[in-house]
1. Before we move on, is residue 441 closer than 30 Å to residue 333 by Cα, part of a helix (DSSP H, G or I) and at pLDDT 80 or above?
2. In this structure, is residue 265 within 30 Å of residue 408 (Cα to Cα) and either assigned to a loop (DSSP other than H, G, I, E, B) or basic (Lys, Arg) (or both)?
3. Quick check on my filter: what residues within region 362-388 are surrounded by fewer than 14 Cβ atoms within 10 Å (Cβ to Cβ), over 32 Å from the mean Cα position of the chain (by Cα) and not acidic (Asp, Glu)?
4. If I go through region 220-242 residue by residue, how many of them are buried (at least 17 other Cβ atoms within 10 Å of the Cβ) and modelled with pLDDT under 95?
5. Which one of the conditions (1) assigned by TED's automatic domain parsing to the domain that holds residue 27; (2) under 30 Å from residue 298 (Cβ atoms); (3) exposed (fewer than 14 other Cβ atoms within 10 Å of the Cβ) does residue 265 fail to meet, given that it meets all the rest?
6. Sort out for me the strands (runs of 3 or more DSSP E) sitting completely within region 115-191 that have 3 or more residues that are under 26 Å from residue 439 (Cα atoms) and among the aliphatic types (A, V, I, L, M).
7. Name the single residue that is nearest to residue 130 (Cα to Cα) among those in region 57-110 being in a loop (DSSP other than H, G, I, E, B) and among the polar types (S, T, N, Q).
Amino acid sequence: MRREPLYNCVMRICLISREYPPETGFGGIATFTKHLAHGLALNGHDVEVVTLAKEQERTYVEAVGESADGGKSITIHRVLPYNFHTGLDCVNMAMPYSRYLICTSTALWRKFAERHAFKPFDAVDTPELLAEGIYPALTKVAPMVVRLYTPHSKFIAEKLHNVRPSFDHQFVAMVERVAMLSCDVITSPSDDLAEFVANDLGIKQESICIVRNPINTAVFSPEGEKALPDPADGKLRVLFVGRLEERKGINYLVAAIPEVIKEFPAVEFVIIGDDTNTAQGQTSVLKGLKETLSQTRTLDKVTFIDRVPLDALPSYYRSADICIVPSVYDNSPYTCLESMSCGRAVIGTSAGGTKEYMIHQESGLIIPARDTGAIKEALLTLLQDPQERARLAQGARKRAVEKFDRCEIARQTAELYKLAQANHRDQTDLKQLYRHQYQQALTDAEDFLNAMDRMLYDMLFQYSYRFRINHWWNYFKVRPRYFLCKFLLKALKIAHLPLGKKAATGSPLIRKLEEKIRERSFKSDVNGDH
């Protein structure tokens, strides 16, 4: 049966997101963007996604839903980071995170501007993270919604991922703030995150709209294949999904595992997620976890699996009896929502927005963060009580379907776009920081950033002998003839010094070398080389 649009006014919408499955789908942003894009398309909207490419730029069409949904689709544009004329190598030396922000945001803007010029968008939706929407925010080219995930200022304030308040990180946070303050609507998936951002920006929390994360409840469902065989000897299986890092609380879970096994031996654990070098001394978290389990002789009870593609995740959730999300902080972890949608009993923490997605003792269990004892007690409660486990699993599935289905969240988001359009009409002149035509923004930004990079280069060349030696060594490798001309010219001028300045400037060989160098320097400027 054909699905009718849930929203009367069909809009042309662009989602700008560095991450999009499968090739750049690294976490919650990628997952959210896909669910929202598909939900908007199913509701009848014209959706395009501008995202990063892993190796090659391309545009393609992605089908949405089944044939019963009317054969809907979205257009995906994948781009590579923008290559500035100077390469911004010196900016990269001083501010690597900022350079990444600049090069990727510029590439995303370039494609967006091209598509907007072809056919204007009614709204643009972009994350706050790394200021992906800084260009559309500054130019006010279209009504814009900024969606909160975890701003860089949060990482700095709580030292998440070992982020420190360096100028590089502070610059990233500043650009994010400019994008948020210049947009038409800010939306957050949780009240917890909205409170932090409101305080950080100096705005009222009520001005931030709350729209929860969406999920495809038809795909993330209890019915379907299982990726793992049922445990032997009637054992129960506990599943963790997430990057192996302190913020996800994996260390506290692993610390609890030996205590759980002592009281309930008929259990096994599966941990899915990429390793990170965020342990003490920038070492492997996975290695440390395995050493901890080996010391307690419980390593054989735990299976580690690398990150699983989004499309394959439901089969892993179905393979578990209990899912645990022991995050130290998460604004609204998708692993919690995916577990609920797959009809599994879930344990989450009170840190961040998880507690807003589950209802304690109705659709899961909420425990304090960083509490190994609480993890142990919650796991034992569900392992030892099959009726309670089934009751919470049923409540989790019911809540996911009723509150977080992608089409319902897409409908709420479309209402935000209407609000953004109204705010855009009323406040464009007040908020527009960039007053030229939006097509000129890329050229102006490139001139500014290339000039900044050249300034850093000249300063380093002047004050650092090490940098100067490296400069000439690179020239010798890349442009040996140019290097030899410069070297020979310098040597000849030194040799002519005893004969006086007139002899040095009047030498035919010196004049010829100077002409050659000027010619090659002009070509270097045209090609954007230092």
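1. Taking the combined requirement at face value, the residue does not satisfy it.
2. Values: within 30 Å of residue 408 (Cα to Cα): no; either assigned to a loop (DSSP other than H, G, I, E, B) or basic (Lys, Arg) (or both): yes.
The answer is no for residue 265.
3. 373, 384, 386, 387
4. 1
5. Condition (1) is where residue 265 drops out.
6. 144-147
7. Within region 57-110, the first condition is being in a loop (DSSP other than H, G, I, E, B), and the residues that meet it are 57, 64-66, 70-72, 80-88, 95.
Adding the requirement that they be among the polar types (S, T, N, Q) leaves 83, 86.
Details: 83: 18, 86: 22 Å.
Applying the filter and picking the extreme gives 83.
Yes/no per residue for (1) assigned by TED's automatic domain parsing to the domain that holds residue 58; (2) within 23 Å of residue 213 (Cβ to Cβ); (3) hydrophobic (A, V, I, L, M, F, W, C); (4) within 15 Å of the chain's Cα centre (by Cα):
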position: 113; (1), (2), (3), (4): yes, no, yes, no
position: 131; (1), (2), (3), (4): yes, yes, yes, yes
position: 145; (1), (2), (3), (4): yes, yes, yes, no
position: 158; (1), (2), (3), (4): yes, yes, no, no
position: 198; (1), (2), (3), (4): yes, yes, yes, no
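The values are calculated or read from the model by the stated rules, or taken from the named source; none is laboratory data. Predicted model only: the values in this text are computed from it and were never measured. Ideal geometry is used to build each Cβ from the backbone, glycine not excepted, and the neighbour counts take in all protein chains shown.
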